[in-house]
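Q: One structure, as structure tokens, below. Some questions next.
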Amino acid sequence: MTAPGQPDGCPTARTTSPPPQAKVTAVVGLLVAFELVSGLLQGAAPPLIPEVEKWQHLSTAQAQWFTTVQFFAAAVSVPAFGRLGDLYGHRRLVRVALGCVAVGTVLVALAPNLPVLLLGRALMGPLAALLPLEIGLVRDRLDVDGGRRAVGLLVGALTLGSLLGHGLVGPLLSAVGGLRPTLAVLAALAVGCLVVSFLAIPESAVRATGRMDWAGAVLLAVALVTLLGTISRGTAWGWLSPRTLAAVALSCALLWWWARVQLSRPHALVDLRAVARRRAAPYYASGFVLGVVMMGGQGVAVSFLAASPGDEGYGFGLVTWQISVWGAIPHVMAFLGSVLCAGIAARIGYARTLLGAFALIAVGNAGLMAAHSTLPLFAVAYGAVGIGMGLALGGLPAVVVEGSASDRTASAAAVYNNLKTLGGSVAGAVFAAVLATLVVGATDTPTLTAYLTVWGLGIAVSVLAAGAQLLVRRSAWQRASAVEGAGRPAR
């Protein structure tokens, strides 16, 4: 049976003696500040794309590389940073990541041309590696309950920062008088985080054995860039075109080759056997599903809010500032859910909390389908999706990390993070294909059925995630019953 407060069906987490509480509070506070800035930098990027397009005289397609390059760099760097942190110290790699981000933001602010701009954005990729490394630090320095609360605060800070970045970058742009001063402010925040990282953060004590699997890291990077690049270009190339199918086949072959290499090495980049364990795999898969509903579904909802009932026959016809207000609802609820996750899980367990999270996401998507013509009810359903996402954001990293070896903390969190990102990429492509296929006549305007289909897919994948988690619980109950039955005297 699981220990009190332990996620049902997950391996018992290790416990360590925490340092004095004042020191722990200071460390977690600094890490929360890093995640707040990380979220702000990530959230500020999409609204700046039109200004970047004018600044560098780019086409719309070229301007999209402003976010795409960082996205690719994050997918490549997160597994490597996670493993390096486990091997050589999480604090050290936090500083390296912050150093890369600081240099990247400065290059972006000073960029004289597109290549330098994209180089700066690529150097900002390790932003996504901060959270796995920070989780490694808190697991090493805190007891189980303290670590769970810290993870919730870190995820909550990232969510809040993203919301603030998206909402405040417009007013900041107006206040400072242009794009370059705005980018300079963002660069100053990144440089400030780097300086602060040398003040009061203790290094993690646990170290992994072995050495860095550079060949595995390079092979995974090539496979992920090929796959994500294909997904990003699938609509332009045609999803069934020979080029797309060949690229997908190449991606799958590279990933298969990488998996074979990982299974053959004693100190692999990713412990695939641990990821595939019956008690761990459903939670990693749930991370993929979370990426589907969180990253893939947001753009669809914003598009629906902007659609005009008079023109398209559905939607609410909201203008930009109204979309920002109503669209902030799931983000605020996600922030609350992630912060409250540890407290809720302390009462009912992480397994029930995560089941409730994905149930809320499914119910919320059903609400979006049912309330698509009534804005207040639509907002309530959108809020339910947000709460579910927040609970999942706070709970899944804790369960994944506690189920991993103590010297694989950051690596496990990195795998979860990449699966979540991959889920968002796949969902973005699939949802875009649905909206592009189910259109009104010969136009490119999506039908109401297209939006209902997307929300229906959200329900389906959420139910699948909850079902996989239920299988874990059932297996745990059966084992517990067998142990209890074996301990009873025969009658």
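Q: Going by what's in this entry, would Leu272 be described as modelled with pLDDT of 90 or more and closer than 26 Å to Thr68 by Cα?
A: no
Q: So, Gly315, is that one crowded, with 20+ Cβ neighbours inside 10 Å and either on the phi > 0 side of the Ramachandran plot or not in a loop (DSSP other than H, G, I, E, B) (or both) or not?
A: Spelling it out, Gly315 is indeed crowded, with 20+ Cβ neighbours inside 10 Å and either on the phi > 0 side of the Ramachandran plot or not in a loop (DSSP other than H, G, I, E, B) (or both).
Q: Would you pick out the residues in segment 271-329 that are of a type in the set (Val, Ile, Thr) and more than 20 Å from Val434 (Cβ to Cβ)?
A: Across segment 271-329, the qualifying residues are Val275, Val319, Thr320, Ile323, Val325, Ile329.
Matching residues to (1) touching a Leu at 6+ places or on another chain (Cβ under 7 Å); (2) assigned to a helix (DSSP H, G or I); (3) not aliphatic (A, V, I, L, M):
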position	(1), (2), (3)
Gly147	no, yes, yes
Leu163	no, yes, no
Gly167	no, yes, yes
Leu172	no, yes, no
Thr182	yes, yes, yes
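Q: Being assigned to a helix (DSSP H, G or I), out of contact with any helix residue (DSSP H, G or I) (no Cβ under 7 Å at 6 or more places or on another chain), of a type in the set (Gly, Ala, Ser) and open to solvent by less than 80 Å² (accessible area, probe 1.4 Å) narrows it down to one of Ala259, Ala253, Ala221, Ala217, so name that one.
A: Result of the check over Ala259, Ala253, Ala221, Ala217: Ala253.
Q: How many residues are farther than 16 Å from Leu179 by Cβ, in a helix (DSSP H, G or I) and touching a residue at least 60 places away in the same chain (Cβ under 8 Å) when one looks only at segment 105-144?
A: Number satisfying all stated conditions: 16.
Q: Evaluate the following for Phe358: is it under 30 Å from Ala450 (Cα atoms), at pLDDT 90 or above and not acidic (Asp, Glu)? Don't jump to the end; show me each part of the working.
A: Numbers: under 30 Å from Ala450 (Cα atoms): yes; at pLDDT 90 or above: yes; not acidic (Asp, Glu): yes.
Criteria met by Phe358.
Q: Let me ask you something else. Sort through Ala392, Ala442 and tell me the only one that's surrounded by fewer than 17 Cβ atoms within 10 Å (Cβ to Cβ) and not charged (D, E, K, R).
A: After applying the criteria, what remains is Ala442.
Q: Search segment 262-276 for residues being part of a loop (DSSP other than H, G, I, E, B) and without any contact (Cβ under 8 Å) to a residue 24 or more places away in the chain, and hand back the single one that is nearest to the chain's Cα centre (by Cα).
A: The selected residue is Ala276.
Q: I need a count of the residues in segment 308-350 that are touching a Leu at 6+ places or on another chain (Cβ under 9 Å) and among the aliphatic types (A, V, I, L, M).
A: 11
Q: Hey, another quick one. Condition check: farther than 18 Å from Gly424 by Cα and out of contact with any His (no Cβ under 7 Å at 6 or more places or on another chain). Does Val222 satisfy that?
A: yes
Q: Say we look at segment 403-436 and pick out the residues that are among the β-branched types (Val, Ile, Thr) and over 20 Å from Leu220 (Cβ atoms); which of these is least open to solvent (accessible area, probe 1.4 Å)?
A: Just the residues of segment 403-436 that are among the β-branched types (Val, Ile, Thr), to begin with: 409, 415, 421, 426, 430, 434.
Cutting the leftovers down to over 20 Å from Leu220 (Cβ atoms) gives us 430, 434.
On the way: Val430: 66, Val434: 26 Å².
Among those that are among the β-branched types (Val, Ile, Thr) and over 20 Å from Leu220 (Cβ atoms), it is Val434.
Q: Is it the case that Arg139 is modelled with pLDDT under 90, surrounded by 24 or more Cβ atoms within 10 Å (Cβ to Cβ), farther than 22 Å from Arg92 by Cβ and within 24 Å of the chain's Cα centre (by Cα)?
A: It is false that Arg139 is modelled with pLDDT under 90, surrounded by 24 or more Cβ atoms within 10 Å (Cβ to Cβ), farther than 22 Å from Arg92 by Cβ and within 24 Å of the chain's Cα centre (by Cα).
Q: In the list Ala480, Ala427, which residue meets the criterion of being among the hydrophobic types (A, V, I, L, M, F, W, C), within 22 Å of Leu228 (Cβ to Cβ) and either in a helix (DSSP H, G or I) or modelled with pLDDT under 80 (or both)?
A: Ala427
Yes or no, residue by residue, for (1) within 18 Å of the chain's Cα centre (by Cα); (2) open to solvent by 10 Å² or more (accessible area, probe 1.4 Å):
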| residue | (1), (2) |
| --- | --- |
| Glu53 | no, yes |
| Ala63 | no, no |
| Gln70 | yes, yes |
| Ser77 | yes, yes |
| Gly85 | no, no |
| Leu107 | no, yes |
| Leu114 | no, yes |
| Leu123 | no, yes |
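Q: Considering segment 318-330 alone, what residues qualify as being surrounded by fewer than 22 Cβ atoms within 10 Å (Cβ to Cβ) and either β-branched (Val, Ile, Thr) or in a helix (DSSP H, G or I) (or both)?
A: Of everything in segment 318-330, those that are surrounded by fewer than 22 Cβ atoms within 10 Å (Cβ to Cβ) and either β-branched (Val, Ile, Thr) or in a helix (DSSP H, G or I) (or both) turn out to be Val319, Thr320, Trp321, Gln322, Ile323, Ser324, Val325, Trp326, Gly327, Ala328, Ile329.
The values are calculated or read from the model by the stated rules, or taken from the named source; none is laboratory data. What you see is a predicted model; the values in this text were computed from it and never measured. Counting neighbours? That spans all protein chains shown, and the Cβs are built from the backbone with ideal geometry, glycine included. Note: areas computed on protein heavy atoms with side chains; ligands, DNA, RNA excluded. Shrake-Rupley method; radii C 1.70, N 1.55, O 1.52, S 1.80 Å.
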